[in-house]
Structure formats: structure tokens, C-alpha cells
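*Asks:* Got a structure here, written out as C-alpha cells. Questions coming.
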Amino acid sequence: MNRAQLKAQAKARLSGKWGWALALVLVGTIFASLIGGITVGILELMTLVGLNFSFLRLIDDDDQGHGLFNNIFSGFTGTRPMAVFLNTLLTSIFTALWGLLFVIPGVVKALAYAQVPYILADMQQADAEIGATDAITASRKLMQGHKWEYFVLQLSFVGWGLLAVLTAGIGFLWLSPYIQATNAAYYRQLAGDRFLNDDADFSDV
């Protein structure tokens, strides 16, 4: 998968919408951090999923949604909020448990589960029935043979990350939307529309 093309697509979608993207990431991250300390991270996870949903919609439809907070809380307001919650929570638990073994297994599983929020967004849009681990299983299978590719894509932002650190962290306000949009573009190119079909077989990706 061509990283330059993915990043070019992300920048094209963000063109003229940087203000929206900066506000979305900033407010979403602050809110997730505040509520995360109170709720042991459950609402934090759901809020961050809302950011994933929003950037996938931006990549798909050049759509900024209907208001900042509607985007941030879109993990709660779809047709399958409980399924989104369970898949997101279990993803976090499974990743943490694998990480307890050693660092590398934890990283590998994090890569395998990286597409869970985007798959959930597509499944909801298709109004499909979603089991508690359907998106997790689908992501694991979808990422077979692609984990290293996705890892390298994340590494390609390291240089920008170092520059952002030199700006006392302010640069991350621009870098985070760029990464979010690029990752959403990666998912769409990898998955296509296979999860947008309400009778898709999610057990065999």
C-alpha cells in the first residue's frame, strides 16, 4: 500500500478543514482525559472511538458531521452502542493481557486489533447485528499479512512527532488529525466496502 498516496489523500480531505480537525482532536482528547480518570477509561475509550468514526466519515464522504460534540460522542449515538462498547472494551482488555506477557506480543496484538473502530463504524452504517467480539475477529483476520505494513506507516510519523515535541507539544494539534485521517484512509483502502453489507459474513474476512 502506497504510504505517500494515503497521506496525500488525508491532506486533501483535511484541506480547508484543519480548524474542525484541530478542535475535534483537542476537545475530544481533553474530554477523554477528564472522564477517563473518573470512569477507569471506559468512557475515554468510547470518546476516542468517536474520533475514529469522525475521521473515517471525513475520508469517505468529505463530511464533518453535525457538530463537534456529535462527532466526539458518535461512539454512543449509533445504532449499536452496546456492541461498540463491548468490542472496544474487550479490545483494550485483550491488548493489555497480551502486553502482560511481553512487550512484543502486546504490540503485535495492538496492530492486529487496529481496525476495530473503523470496522464497527461500517457495521453500524450497514445496520448489521454485531456480536461482542465480531469486530475484533474481523480486524485480526483483516490485518493478517498487513501488520508490518501498518507498523511502518505509524513509524513514518516519528520524524513529525519529534518536531512536534520541539514545539512543546503544540505541533501535535496538527499531527494528530493528520495521523487519524491517514489511518482512516489506510483502513478504507484495505477493507473496501466489505463491512458495509448488512449480510456480510464477519467470521470469514
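*Asks:* Would you point out which residue out of A132, A110 is open to solvent by 20 Å² or more (accessible area, probe 1.4 Å), in contact with a helix residue (DSSP H, G or I) (Cβ under 7 Å, 6 or more places away or on another chain) and not in a helix (DSSP H, G or I)?
*Replies:* Testing whether each residue is open to solvent by 20 Å² or more (accessible area, probe 1.4 Å), in contact with a helix residue (DSSP H, G or I) (Cβ under 7 Å, 6 or more places away or on another chain) and not in a helix (DSSP H, G or I) leaves just A132.
*Asks:* Could you figure out which of (1) open to solvent by 40 Å² or more (accessible area, probe 1.4 Å); (2) within 13 Å of the chain's Cα centre (by Cα); (3) farther than 16 Å from V49 by Cα; (4) not acidic (D, E) isn't true of I179?
*Replies:* With respect to (1) open to solvent by 40 Å² or more (accessible area, probe 1.4 Å); (2) within 13 Å of the chain's Cα centre (by Cα); (3) farther than 16 Å from V49 by Cα; (4) not acidic (D, E), I179 is out only on (3).
*Asks:* Does L51 satisfy the criteria of being without any contact (Cβ under 8 Å) to a residue 12 or more places away in the chain, buried (at least 19 other Cβ atoms within 10 Å of the Cβ) and part of a helix (DSSP H, G or I)?
*Replies:* In short, no.
*Asks:* OK, next. I need every pair where a residue in region 155-183 that is under 19 Å from R13 (Cα atoms) and in a helix (DSSP H, G or I) has its Cβ under 7 Å from the Cβ of a residue that is open to solvent by 60 Å² or more (accessible area, probe 1.4 Å) and not polar (S, T, N, Q), sequence separation at least 6 or different chains.
*Replies:* Correct list of pairs: L173/L26; L175/W160; A181/R13.
*Asks:* Also: Could you tell me how many of the residues in region 42-62 are within 13 Å of Q115 (Cα to Cα) and of a type in the set (A, V, I, L, M)?
*Replies:* Residues meeting the conditions: 2.
*Asks:* From the list G50, G67, exactly one residue is more than 18 Å from the chain's Cα centre (by Cα) and small (G, A, S). Which is it?
*Replies:* The conditions single out G67.
*Asks:* Separate question: May I ask you to verify whether W148 is part of a helix (DSSP H, G or I), in contact with a Pro (Cβ under 7 Å, 6 or more places away or on another chain) and either open to solvent by 60 Å² or more (accessible area, probe 1.4 Å) or without any contact (Cβ under 8 Å) to a residue 24 or more places away in the chain (or both)?
*Replies:* The answer is no for W148.
*Asks:* Hey, another quick one. So which of L56, L86 is in a helix (DSSP H, G or I) and open to solvent by less than 40 Å² (accessible area, probe 1.4 Å)? Working first, answer last.
*Replies:* Details: L86 fails: open to solvent by less than 40 Å² (accessible area, probe 1.4 Å).
Just one listed residue meets the conditions, L56.
The values are calculated or read from the model by the stated rules, or taken from the named source; none is laboratory data. As the structure is a prediction and not an experimental result, all values here were calculated from the model. So basically every Cβ, Gly included, is an ideal-geometry build from the backbone, and we count neighbours across all protein chains shown. In case anyone asks, the SASA skips ligands and DNA or RNA and just uses the protein heavy atoms, side chains included. Shrake-Rupley method; radii C 1.70, N 1.55, O 1.52, S 1.80 Å.
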